[in-house]
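The values are calculated or read from the model by the stated rules, or taken from the named source; none is laboratory data. Fair warning: this is a prediction, and the values are worked out from it, not measured in the lab. Neighbour counts are summed over all protein chains in view; Cβ atoms, including those assigned to glycine, are modelled from backbone coordinates with ideal geometry. Ligands, DNA and RNA are excluded from the accessible area calculation, which covers all protein heavy atoms including side chains. Shrake-Rupley method; radii C 1.70, N 1.55, O 1.52, S 1.80 Å.
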Amino acid sequence: MSRLPLPDRDALDGPGRELFDHITQLRDERFISADGILAGPDIAWVNAPAIGLRLISLARALRFEVSIDLRLIEVAIITTGAHHRAEFAWFTHARMAREQGVSDAVIDAIREGRTPDFERDDERIVHAVATELASGSWIDAATYDDAQRLLGDQGIVELVELCGFYALVSYVLNAFEVPLPAGAEQVFGD
């Protein structure tokens, strides 16, 4: 059960209701239950709507307005989410990673905290950057050079920002014990 009340549109104040309506226009079934209850980080966003609106805009920009391929974005997100053991992030983005062509072997290894045996060098590089950032260390010189060659200056900035944003999302999901949708199973345990 979430530490925050599951958002009921009618119980929210004006800005919260406006954000709720905005979210329901943008999101799919992973984020809205059949009875109209929000899920995922949106539970927190509507409780602080001024910041929540900006975070939703940032999330959309980081997923759809960057130079990085969606497949690599999903590798970065699941790597960050797995590091923080953020169940909802994993529930949502492991499926998206698979849809973007990331192999089950890579997804399973990331979930288990192992370095995958990558068939694609671009996934290896993005995973290395996300792993080094999540561990709280600097990006080492060899990893940075690989990422810079792969993504260029703009792309590496976008990748670092993406990883930082999904660390924030993971904090929100974990701090407020945001529940998984009904029927979904935890993969990281308690």
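For the chain, complete DSSP H runs whose alpha carbons reach 15 Å or more along their own long axis and whose mean Kyte-Doolittle score is 0.0 or higher are 49-64, 70-83, 141-175. When the GluC sites (Glu not before Pro) in segment 71-122 are filtered for DSSP coil states and for at most 12 other beta-carbon atoms within 10 Å of their beta-carbon, the remaining sites are E112, E119. I'd like the distance between the alpha-carbon centres of segment 139-154 and segment 60-108, rounded to an integer number of Å. Centre-to-centre (Cα) distance: 19 Å. When the Gaussian network model of the chain links Cα atoms closer than 10 Å, the mean-square fluctuations of A11, A94, A130 top out at A11. Solvent-accessible surface of segment 36-117, taken per residue with a 1.4 Å probe and all protein chains present: 42 Å².
Among L62, A134, A105, which residue has its Cα furthest toward the positive end of the charge dipole of segment 41-190, with +1 on Lys/Arg Cβ and -1 on Asp/Glu Cβ? Selected residue: L62.
Nonpolar atom fraction for the chain, defined as the carbon and sulfur part of the 1.4 Å probe accessible area, stands at 51 percent.
For the chain, what does the helix formula give at 222 nm: sum of -39500 (n - 2.57) over DSSP H segments with n ≥ 4, over the residue count, nearest 500 deg cm²/dmol?
Result for the chain: -20000 deg cm²/dmol, rounded to the nearest 500.
Restricting the GluC sites (Glu not before Pro) of segment 137-178 to loop positions (DSSP other than H, G, I, E, B) with no more than 13 neighbouring Cβ atoms within 10 Å leaves E177.
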